[in-house]
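The values are calculated or read from the model by the stated rules, or taken from the named source; none is laboratory data. Computed from a predicted structure; not experimentally measured. Reconstructed Cβ throughout: ideal geometry from the backbone, glycine too, with neighbour counts over all protein chains shown.
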Amino acid sequence: MRKRWPNHGMLLTAAALVSACAVGPDYERPQTAAPAAFAQQAGYAAAGPVAEFWRGFDDALLTRLVEGALASNHDLRAALARVDQARAIARLSRKDLLPTITAGGGYTESRASADQAPGLTREQRDGELYDAGFDAFWELDLFGRVRRGAQASRAEAQGAAAELRALQVTIAAETARAYFELRGLQEQLRVARGNAENQAATLSLTQSRLDAGAGTEFDVARARGQLEFTRSRVPALEAAVLATAHRLAVLNGREPAALLAELAAPAPLPALPESVAVGTPAELLRRRPDIAGAERRLAAATARIGVATADLFPRLTFNGSIGSAATDLGDLFTRDSETYGFGPRISWAFLDLGRVEDRIDASDAGTAAQLALYQGTVLRALEETENALVGYARARAEGRHLTDSAAASTRAAELANLRFEGGAADFLHVLDAQRSQLEAEDRLAQSQTRTATALIAVYKAVSGGWPDRAPQDVAARGN
């Protein structure tokens, strides 16, 4: 353990310079290297990401849901309250630099014992005292203990505001993602129901052929089995649609069933933009609120080292009081009833410096931990962004293949029906073609949903529009 015991020269110099510099390290923002461009840059624009990305989909319901969540989500309300709390604490810590003045008054009725006042009667031992006045306390911040505490509180308030912005990014992205999942599930449900209708028609045809003596009971049983399998998918998809609608309502701060009627009508997924602006890695590190929050927590931890280090030195305070005291209420504030007291007080933990050293070491370790967390947050932000860019690009490529697959499967099912009706193929080919068609159309619907949600992951990773624009309700509360 390194020793930080002050010498007499340090104390004399500090005492002579009332406005001495604060002890402890001065904070410097870490310099973080970033690549010049993202590895997955193809297909993405280097311009800054769009603000309020959800408006770019030109879907009025999506916009209403996202902005409703940003206005009413309960997690955001709690985060906003934490920002208010942190800012109040920061204002309080700054006021510690000023004298504390309080006013008070009181009345005391007392009686001394016979031993305390020998020779006096019982009534003579009774007494009353009225007092009123002002008390003042001020710590002369020679070594920056109070200033470092105010710096830490201010950084913590800024960190709380950054965490609120990060949560806003998450809530906006989660709402958009849930909305796209809802539309994708509704499309899967439409596909399943449509295929069930086609397969019901096929079953009716095979039954008619059996009744006419041209078909077989085996064909009817296979057609019925295929139809019931397709129908079995419908309840699970219906449950998933309802669960997603419940999720959107809760994100909007409402009871789960509040949006069922509004979301019941199916609608296609919104068209996705041809080009997505993501900016550069260096801009990303400046823009992401989770990185800003981690950096502010590091600044607060650094300031706390100064708070702990200041305990190595004496603490100088001034205490004063002025008032009036009298045995009769009417004599308060009259001549000769005045009271006052004033004087400095020095306190120093010189007999307990070992504990002070331990607290400094703990603060040093806490700051080292916050630095590691900050550096990890930077790397995770770059990782998340690279993964999101790759995921969206590959999802779009997958979607193109599945679009062709679904079209080919639909054509194959049509041809299989024509061949069966013409007697050129058996019914097994029809069932196999219909099963392939259902799987291809279902995979395409899932792929379209994955592509849309992958784009939301990109917007979330690059934090489009945040935190360049301060939330209106937070800005109104001041900095």
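Beta carbons closer than 9 Å, at least 6 apart along the sequence or on distinct chains, pair a first residue in segment 220-232 that is in contact (Cβ under 8 Å) with a residue 24 or more places away in the chain with a second that is of a type in the set (Lys, Arg) for Gln226/Arg435; Thr230/Arg193; Thr230/Arg435; Arg231/Arg193. For segment 284-312, a tally of residues being surrounded by fewer than 18 Cβ atoms within 10 Å (Cβ to Cβ) and touching a Pro at 6+ places or on another chain (Cβ under 9 Å) returns 0.
Scanning segment 265-305 for residues that are without any contact (Cβ under 8 Å) to a residue 12 or more places away in the chain, over 30 Å from Ala22 (Cβ atoms) and not acidic (Asp, Glu) gives a single hit, Ala265. Scanning segment 233-262 for residues that are more than 14 Å from Tyr179 (Cα to Cα), of a type in the set (Gly, Ala, Ser) and in contact (Cβ under 8 Å) with a residue 40 or more places away in the chain yields one hit, Gly253.
Please tell me if Gly106 is in contact (Cβ under 8 Å) with a residue 40 or more places away in the chain and of a type outside the set (S, T, N, Q). In short, no. Per this entry, Ala433 is counted among residues that are at pLDDT below 85, part of a helix (DSSP H, G or I) and in the same structural domain as Leu284 (by TED's automatic domain parsing). The requirement of being among the charged types (D, E, K, R) and closer than 30 Å to His74 by Cβ is not satisfied by Glu217.
Only one of the listed residues (Gln31, Gln40) is crowded, with 16+ Cβ neighbours inside 10 Å, assigned by TED's automatic domain parsing to the domain that holds Asp364 and either without any contact (Cβ under 8 Å) to a residue 40 or more places away in the chain or in a loop (DSSP other than H, G, I, E, B) (or both). That residue is Gln40. Among the conditions (1) buried (at least 19 other Cβ atoms within 10 Å of the Cβ); (2) farther than 16 Å from Asp141 by Cα, the only one that Asp358 does not satisfy is (1). Tallying residues that are charged (D, E, K, R), surrounded by fewer than 16 Cβ atoms within 10 Å (Cβ to Cβ) and in a helix (DSSP H, G or I) within segment 45-68 yields 2. Applying the selection to segment 395-419, what residues are free of Cβ contacts under 8 Å to residues at least 24 places away in the same chain and either surrounded by fewer than 18 Cβ atoms within 10 Å (Cβ to Cβ) or of a type in the set (Val, Ile, Thr) (or both)? Within segment 395-419, Ala397, Arg400, His401, Asp404, Ala407, Arg411, Glu414, Leu415, Leu418, Arg419 meet the criteria.
Return the pair list, or none, for Cβ contacts closer than 6 Å from residues in segment 46-62 that are free of Cβ contacts under 8 Å to residues at least 40 places away in the same chain and assigned by TED's automatic domain parsing to the domain that holds Ala452 to residues that are surrounded by 13 or more Cβ atoms within 10 Å (Cβ to Cβ) and not aliphatic (A, V, I, L, M), at least 6 apart or on different chains. Within 6 Å, the pairs are Arg55/Thr63.
The helices (runs of 4 or more DSSP H) falling completely within segment 238-345 that include 2 or more residues that are closer than 30 Å to Val378 by Cβ map to 281-287, 289-309.
Being surrounded by 21 or more Cβ atoms within 10 Å (Cβ to Cβ), touching a Gly at 6+ places or on another chain (Cβ under 7 Å), polar (S, T, N, Q) and modelled with pLDDT of 85 or more is a condition met by no residue of segment 384-394. The condition (being at pLDDT 90 or above and of a type in the set (Ser, Thr, Tyr)) is satisfied by just one residue among Thr280, Thr309: Thr309. Once segment 370-421 is narrowed to residues that are within 43 Å of the chain's Cα centre (by Cα) and among the polar types (S, T, N, Q), the residue that is farthest from Arg296 (Cα to Cα) is Ser405.
Hey, among Arg77, Arg122, which residue is of a type in the set (Lys, Arg), over 30 Å from Thr280 (Cβ atoms) and not assigned by TED's automatic domain parsing to the domain that holds Pro270? Step by step, each of Arg77, Arg122 is checked, and only Arg122 is of a type in the set (Lys, Arg), over 30 Å from Thr280 (Cβ atoms) and not assigned by TED's automatic domain parsing to the domain that holds Pro270. Can you tell me which residue among Leu205, Leu237 is in the same structural domain as Leu70 (by TED's automatic domain parsing), surrounded by 16 or more Cβ atoms within 10 Å (Cβ to Cβ) and closer than 27 Å to Leu62 by Cα? When all the criteria are applied, what remains is Leu237. Listed conditions (1) in contact (Cβ under 8 Å) with a residue 24 or more places away in the chain; (2) part of a helix (DSSP H, G or I) are all met by Arg209, apart from (1).
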